[in-house]
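The values are calculated or read from the model by the stated rules, or taken from the named source; none is laboratory data. Given the structure is predicted, the values throughout are model-derived calculations rather than measurements. Don't worry about glycine lacking a Cβ; one is built from the backbone with ideal geometry, like all the others, and counts go over all protein chains shown. Just the protein is used for accessible areas: all its heavy atoms, side chains included, with ligands, DNA and RNA removed. Shrake-Rupley method; radii C 1.70, N 1.55, O 1.52, S 1.80 Å.
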Amino acid sequence: MHLLLSTIVLRPYVFVFLASFLFISVVNFGVRTTLLFGALTYGVGLCCEYSSVHNGFPFGLYHYVETTRDQEIWVLGVPLFDSISYTFLAFASYTVALLLCSPLYRRGWDLRMLDTWRIRRSPRVWLMAALFMVMIDIVVDPLSVMGERWFLGRMFWYDPPGPYFGVPISNYLGWYLVAAVSVAIFQTLDFRLNGASSKPIGVLPTLPSRALLGPMLYAGIVSFGITMLFIIHAPEIGWASVFIFLPLIVMALHTLTRSGWFGEGSPIARHLEDFPFNRKAFGEPQPQVAADAQPFATDPKYASGSS
């Protein structure tokens, strides 16, 4: 217990992100999906970290500095916080992809996704989410390499250092692989455990703007990393990270401010067909709208979630 408390005190930012993930995932997807996803994704991350430390796959060869062995929990030669981070990184990335691929409903400050199972399980959401997770690593891995400049501490080094501020390209290829596996795990668990019409345990359908909580977690993680880069006087990496994320920011703002992306009637009806427990979040029950009554119904992009 002492070592667990010491781990939390040593890495408070990690456990703030972890606690945020647990809350956001439970209120949106339920307790069972959240806990199983967390356990399985932690296992995937730990196996990949262990493999990379010993044979260089999939992230490239690197070595941990074991200076914190008596201060935090290590599992199989890997710090606990390192492998557990994949859970909230993959989840946050998935929610951003889902937000950008789903029609939206807005009532005042209440923003909701009109997603369907077809959208949630679509290859587009899967591949976009994996890419968004790699984009986080483009920020945090160069920052981690310079851990001795901030409160992370010197944790590891690449053998040999890579071309992107000391990080090898193999690291990002490995991250895409792990991200793709992690997001696929979430999509599979979500459908298998929550595919019935009943409300998953822990989900709060009437919680305002649930759709924004996951993307806000993503933005918080990225903002933390970029801010730290400027604080430790690494502006060249900080500005590189800013410009890497500019296209995503522009795309998100375009989506959230475009009137044609917000739907009533038919998109709501399609959403409630898959998630009927969300009905009370929209007020009165929504009638089914004829196919020619709304632009969403005639545009396959909104019906299927594919472009």
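The figures follow:
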| read-out | value |
| --- | --- |
| Peptide ranges 201-212, 10-21, 80-91 listed from the most packed, as the mean C-beta count within 10 angstrom indicates | 80-91, 10-21, 201-212 |
| Max mean-square fluctuation residue, GNM over the chain, Cα-Cα springs under 10 Å, options PHE275, PHE156, PHE59 | PHE156 |
| With DNA, RNA and ligands ignored, accessible area of LYS280 (1.4 Å probe; Å², nearest 10) | 140 |
| Between region 42-107 and region 152-200, the alpha-carbon center distance in angstrom | 6 |
| Of (i) 20.4, 66; (ii) 20.1, 74; (iii) 19.3, 57, the label for Rg and Dmax of the Cα atoms in Å derived from the coordinates | (i) |
| Accessible surface, 1.4 Å probe, highest first, among residues SER170, SER241 | SER170, SER241 |
| Where PHE186, PHE151 fall by accessible area, highest first, once all protein chains stay in place (1.4 Å) | PHE151, PHE186 |
| Positive-pole candidate from LEU10, THR34, ILE232, dipole of the chain, charges at beta carbon | THR34 |
| Order of exposure, largest accessible area first, which applies to LEU99, LEU256, LEU40 with probe 1.4 Å | LEU40, LEU256, LEU99 |
| Exposure of ARG107 as accessible area (Å², to 10), given a probe of 1.4 Å and all protein chains | 110 |
| Label-point separation, THR257 to VAL31 (7 Å along Cα→Cβ), nm | 4.2 |
| Charge dipole (debye, nearest 20) of region 129-267; +1 at Cβ of Lys and Arg, -1 at Cβ of Asp and Glu | 360 |
| Cα long-axis angle, helix 12-29 against the chain (0 to 90 degrees, to the nearest 10) | 20 |
| Fluctuation leader among TYR164, TYR105, TYR42 - the chain, Gaussian network, Cα springs under 10 angstrom | TYR164 |
| Calculated FRET efficiency for the pair SER223/LEU3, C-beta based, R₀ 30 Å, to 0.05 | 0.50 |
| Choice from LEU114, LEU248, LEU22 with maximal GNM fluctuation in the chain (Cα, 10 Å cutoff) | LEU248 |
| Theoretical ellipticity at 222 nm over the chain - DSSP helices of four or more residues, -39500 (n - 2.57) apiece, nearest 500 | -20500 deg cm²/dmol |
| Nearest 10 degrees, 0 to 90: helix 123-145 Cα axis against the chain principal axis | 30 |
| Mean separation of Cα contacts under 8 Å (6+ apart) over length of region 1-111, as relative contact order % | 31 |
| Gain upon complete extension [VAL75, ARG121; 0.36 nm per residue less C-alpha separation] | 13.3 nm |
| Helix 235-257 vs. the chain, principal-axis angle (Cα, 0 to 90°, nearest 10) | 10 |
| Estimated inter-spin distance, ARG149 and SER209, nm [label 7 Å along Cα→Cβ] | 3.3 |
| Solvent-accessible surface (1.4 angstrom probe) belonging to GLU148, in square angstrom, nearest 10 | 110 |
| Sequence-distant residues sharing a close amide H with LEU114 (under 5 Å, placed H) | LEU104, TYR105 |
| Amide proton proximity set for VAL167, modelled H, under 5 Å, gap of 5+ | GLY162 |
